[in-house]
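Engineer: Please read through the structure below; I'll follow up with questions.
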Amino acid sequence: MSSKVFVIGLDGATFDIIRPLVREGKLPTIENLMHKGVHGNLRSTIPPATLPAWPSFMTGKNPGKHGVFDFMGRGSNEYYGRLMSSKDIHGDTIWRILSKFGKRSIVMNVPATYPPEKINGIIISGMLTPVGKSYTYPPELEDEIKDYEVEMDPEIYEKEESIFLDELYSIIQKRKDTALYLMKKYKWDFFMVMFRETDIIQHKLWGEKEKIFQFYQHIDEIINQLITETDDDTYIIIMSDHGFGELRKMVCINKWLTDLGLLSCKRKDYSQLRHVKLNELMGLKTKNSLNKIILFKLGFSRQRIKFWLEKIGLEKSLNLIPKSMRKRIRVSLPETDLDIDWARTKAYFSSFFSAETQSITINLKGRDPEGIVDPQEYEEVRKYIIKKLHELRDPVTGERVVNKVFRREEIYHGPFLNRAPDIVMLLKEGYKASGDLLSKEVIVPKEKIEGAHRMNGIFIVYGPEIKQGEEIKKAEIIDLAPTILHIMHIPIPKDMDGKVLKEIFKEGSELAMREIVYQEIEHEK
């Protein structure tokens, strides 16, 4: 008899927060699951970014096989491309595989699940869902969950802290209520709900640990309410796509490449301007709320706009201009990351969307729209950049900034390797790479402590045939998909990279003794 599996995703959750709270008895639900089940670090993708981590979780594959390396995907004749979606994930997801074997799934709020695919069950899409678009499968489900919110409006991120926190708590309450509603109303074999808000609060308030502790305690209560509705034969998995830690300084890679003579800008001052309507500038107005998310991710915050306005002498005059007049006034702002002179650029920071991708792309002739590096010169340029990255030091502390550097073929493999950035970095804790072109310095301290992604996420597994109280070593995010399939008596696709975590099963149990079945499964995409 196959078993049910219930997965709770906590985006960015880390044992660095969980363990101290468990020791103090403040996370009773998580503590109980750890004591009666197994737990351990869950190694993320390299780099530990939301995308590609979640696609790797849902497919059990490295990015070279599923094809998603960043929030943005490059086409054959463009530098920064378009936003990724579920259509860009190659290979079958867990829930599509389960559908092929007659299993019913309910999947809530996993990033890059828009547009929601047709499965045997229900999907409510997550991050990167455009506002105003249908976010459920089947589409009519939207009418049942009218109060549901997919994402927090990014403008709230900029508001005072109490408003920000109220909205976070409100969203997770609605998500929990919707999950309970679906659990009780519809039959399911596999259920997954993901809470992205753990990631959001840690990015913003890492320096205010008490608020983060309180949020984790609230999440613990939610987990208790959810798993109370499962039966004794259900396997419970708590997991995160990456961990979190303190961010103290930004490393401006494009500035560093400029200093090395590998990147050039069209202008070196603030005279290269683009024109923007003042009312749009003041409120970040846009008809599409997804564009707000993109603007926010790209760094178009009110604080940064204020910086630009100060540069051109307008900032002090803004409050003197009536709101009714702002829509008729156009101001000029400096170009940012797109102000690169490609004809004189050999390499650039890969992502125009997320600094978490931590990678460099070489401007290769024959591959990139205005590539200038000859294929024969490619390895020489890459080797030089890697050497210089290892030499990069913080001028204040003297410490090396980069922990590890990888050639893409060292960490990825598969038919989509050619889409990967050429160089991928793992910076030392406390540092994060940025593509900022406006910085005058390579290494810039943060004005306040924030949070940034780390390689080690979490996983906790509890169920009838799971060992008790053991810590599991060397588990990876790509291991969860095949492990879930094995628990549910479903064959594992032969092209999955992850392994079944047999060490989590009780000795002599059916799950431990049963042969792992691999099978060629035809992909539908």
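Engineer: Cut-off is 10 Å between beta-carbons; in what order do 473, 159, 432 appear when sorted fewest neighbours first?
Structural biologist: 473, 159, 432
Engineer: Still on this model: Rank these for me by crowding, 79, 235, going from fewest to most other beta carbons within 10 Å.
Structural biologist: Ascending Cβ contact count within 10 Å gives the list 79, 235.
Engineer: Taking 45 Å as R0, compute the FRET efficiency from the Cβ-Cβ separation of residue 184 and residue 410 and round it to 0.05. Walk me through the intermediate numbers first.
Structural biologist: Working: r = 48 Å, r/R0 = 1.06.
The value I calculate is 0.40.
Engineer: Rank the residues 69, 6, 416 as a footprinting-exposure proxy: fewest other Cβ atoms within 10 Å of their Cβ go first.
Structural biologist: Working: 69 29, 6 24, 416 20.
So the residues, fewest neighbours to most, are 416, 6, 69.
Engineer: How much length is gained if the chain between residue 512 and residue 397 is pulled fully straight, taking 0.36 nm per residue apart and subtracting their Cα-Cα distance, in nm to one decimal?
Structural biologist: 36.4 nm
Engineer: R0 = 45 Å: FRET efficiency of residue 380 with residue 209, Cβ-based, nearest 0.05?
Structural biologist: E between residue 380 and residue 209, to the nearest 0.05, is 0.45.
Engineer: Okay, next question. Could you work out how far the C-alpha centroid of the stretch 480-525 sits from that of the stretch 90-145, in angstrom?
Structural biologist: Rounded to whole Å, the Cα centres lie 23 Å apart.
Engineer: Which cross-chain or sequence-distant (5 or more) residues have an amide H under 5 Å from the amide H of residue 371, H modelled 1.01 Å from N in plane?
Structural biologist: Residues meeting the criterion, in which the H sits 1.01 Å from N, are 366.
Engineer: Determine ³J(HN,Hα), in whole Hz, for all residues of the stretch 393-406 in sequence, where each value follows from phi through the Karplus function 6.51 cos²θ - 1.76 cosθ + 1.60 and θ = phi - 60°; x replaces Gly and Pro.
Structural biologist: Each residue of the stretch 393-406 in turn: 10, 6, x, 7, 9, x, 7, 5, 8, 9, 7, 9, 10, 10 Hz.
Engineer: Between Rg and the Kirkwood Rh of the stretch 349-478, both from Cα atoms, what is the Rg to Rh ratio?
Structural biologist: Reported Rg/Rh, Kirkwood definition of Rh: 1.05.
Engineer: Hey, another quick one. Using the Cβ atoms and a cut-off under 11 Å, what net charge is assigned to the surroundings of residue 61, where Lys and Arg are +1 and Asp and Glu are -1? Could the numbers behind the result be given before it?
Structural biologist: Numbers: positive: 65; negative: 92, 495, 497.
Once all neighbours under 11 Å are counted, the net charge is -2.
Engineer: Could you grab the Rg to Rh ratio for the stretch 1-80? Cα atoms only, Kirkwood for Rh. Could you put the intermediate results ahead of the total?
Structural biologist: Values: Rg = 17.2 Å, Rh = 15.5 Å.
Computed over Cα atoms, the ratio is 1.11.
Engineer: For residue 185, which aspartates and glutamates qualify as cross-link partners when the Cα separation must be under 20 Å and same-chain residues fewer than eight apart are set aside?
Structural biologist: The qualifying aspartates and glutamates are 140, 142, 143, 144, 147, 149, 177, 229, 231, 232, 233.
Engineer: I would also like to ask the following. Reported to two decimal places, what Rg/Rh ratio describes the stretch 113-259 when computed on Cα atoms with Rh from the Kirkwood expression?
Structural biologist: A ratio of 1.02.
Engineer: Let's test the formula: R0 of 41 Å, r as the Cβ-Cβ distance of residue 522 and residue 471. What FRET efficiency results, to the nearest 0.05?
Structural biologist: Computed FRET efficiency for residue 522 and residue 471 comes out at 0.60.
Engineer: Between beta-carbons, use under 14 Å as the cut-off and find the net charge around residue 139, counting Lys and Arg +1, Asp and Glu -1.
Structural biologist: Overall, the nearby charge balance is -2.
Engineer: With only alpha-carbon atoms in the gyration tensor, what are the semi-axes of the equivalent ellipsoid for the stretch 369-420, in Å, largest first?
Structural biologist: For the stretch 369-420, the ellipsoid semi-axes come out as 26, 16, 9 Å.
Read-outs throughout are calculated quantities, based only on the coordinates presented, and are distinct from any laboratory measurement. The shown structure was predicted, so the numbers you read here are calculated from the model rather than taken from an experiment. A quick note on method: Cβ atoms are made from the backbone with ideal geometry, for glycine too, and the neighbour counts reach across all protein chains shown.
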